[in-house]
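The values are calculated or read from the model by the stated rules, or taken from the named source; none is laboratory data. All figures in this text were calculated on a predicted structure; none of them were measured in a lab. Neighbour counts are summed over all protein chains in view; Cβ atoms, including those assigned to glycine, are modelled from backbone coordinates with ideal geometry.
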Amino acid sequence: MYEYIRGKISDLKPANIVVEAGQVGYFINISLNTYSQLSGKAEATIFLHQVIREDAHVLYGFSQQSERELFRLLISVNGVGSNTAIMMLSSMSPEEIKVAIATENVNALKSIKGIGIKTAQRIIIDLKDKIEKAPVSEQILFAADNTIRDEALSALVMLGFNRKAVEKELDKLIAAEPGCKVETLIKKALKNL
C-alpha cells in the first residue's frame with residue numbers, strides 16, 4: 001500500500017492530478033478540495049489511498065492526511081464507494097461533512113449526488129461516534145484563468161454527469177454569477193445536477 005507520493009505536478013485538473021516522481025507520471029483521482037489546495041503549486045506531497053479492483057488499480061490522492069482519513073471513514077460505510085466519497089469531498093469541505101454528520105443533518109448529506117436518504121442516515125449512524133464536531137472554516141479559493149468553464153465541464157463529465165446537462169447548468173451559473181471561481185462553479189453545479 002502506498003502512503004504518499006512527492007513530486008512535480010505535471011497536470012492538474014479539478015478531478016485528477018498527474019504527479020511525476022522518479023521519472024514516472026502517476027495519475028491520481030482527487031477531490032475538489034485537494035484541487036483548491038494544490039492550484040498554483042509546482043510540486044506537492046499527495047497522501048494516497050489505493051483501490052485494487054479486478055480490472056484496475058486506482059489511486060486517490062489528498063493534500064492532507066485528515067481528508068484521507070475522512071475518505072477512508074466514508075468508504076467504510078456500506079453503500080459508499082470510492083467515487084461517491086470523492087463526490088462528497090468535492091461537494092462539501094471535510095469540515096462541512098464532519099459537521100453534517102455530528103449534527104445529524106441528513107438533508108445536507110442527501111443533497112450530494114449519489115446519496116439518498118437511507119445512505120445519508122447510514123453514514124450518520126456509522127460515523128457519528130468516529131467524527132469529532134469541527135468548526136466550519138472558510139475555504140480558500142484560488143484564482144483560475146479564462147478556462148474556468150472548460151475545467152468545470154471536464155471535472156463534472158469525469159464524475160459521470162451528462163455533458164449536455166452540465167453545459168446547460170454551467171452556462172446558467174456563469175450568466176448568474178460572472179467571474180465565479182472554478183471550485184465554486186463546480187460545487188454549485190453539483191448541487192443542481
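Those residues that are under 12 Å from K113 (Cα atoms) and either in contact with a helix residue (DSSP H, G or I) (Cβ under 6 Å, 6 or more places away or on another chain) or surrounded by 15 or more Cβ atoms within 10 Å (Cβ to Cβ) (or both), I need them from the stretch 157-187; list them, please.
The answer is L159, F161, K187.
Against the condition more than 14 Å from the chain's Cα centre (by Cα) and within 25 Å of L193 (Cβ to Cβ), how does I52 come out, does it pass?
Taking the combined requirement at face value, the residue does not satisfy it.
Just to be sure I understand the filter: pairs with C-beta atoms under 6 Å, separated by 6 or more residues or on different chains, first member in the stretch 17-41 and surrounded by fewer than 13 Cβ atoms within 10 Å (Cβ to Cβ), second member modelled with pLDDT of 95 or more and not in a strand (DSSP E or B). Which pairs pass?
none
If S111 passes every condition in (1) among the hydroxyl-bearing types (S, T, Y); (2) surrounded by fewer than 22 Cβ atoms within 10 Å (Cβ to Cβ); (3) within 14 Å of the chain's Cα centre (by Cα); (4) more than 22 Å from T45 (Cα to Cα) but one, which one does it miss?
It fails just one condition, (3).
Among the helices (runs of 4 or more DSSP H) lying completely within the stretch 110-193, list those that include at least 1 residues that are modelled with pLDDT of 85 or more and farther than 20 Å from N33 by Cβ.
Because the criterion is at least 1 residues that are modelled with pLDDT of 85 or more and farther than 20 Å from N33 by Cβ, the helices (runs of 4 or more DSSP H) in the stretch 110-193 that meet it are 117-127, 163-176.
Please indicate, with yes or no, whether at least one residue in the stretch 47-61 is touching a residue at least 12 places away in the same chain (Cβ under 8 Å) and in a loop (DSSP other than H, G, I, E, B).
No: the stretch 47-61 contains no residue that is touching a residue at least 12 places away in the same chain (Cβ under 8 Å) and in a loop (DSSP other than H, G, I, E, B).
One line per residue, one yes/no per condition, for (1) outside the structural domain of T84 (by TED's automatic domain parsing); (2) farther than 16 Å from I86 by Cβ; (3) in contact with a strand residue (DSSP E or B) (Cβ under 7 Å, 6 or more places away or on another chain):
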{"position": "I9", "(1), (2), (3)": "yes, yes, yes"}
{"position": "L12", "(1), (2), (3)": "yes, no, no"}
{"position": "I17", "(1), (2), (3)": "yes, no, yes"}
{"position": "G22", "(1), (2), (3)": "yes, yes, no"}
{"position": "G25", "(1), (2), (3)": "yes, yes, yes"}
{"position": "N29", "(1), (2), (3)": "yes, no, yes"}
{"position": "Q37", "(1), (2), (3)": "yes, no, no"}
{"position": "K41", "(1), (2), (3)": "yes, yes, yes"}
{"position": "A44", "(1), (2), (3)": "yes, yes, yes"}
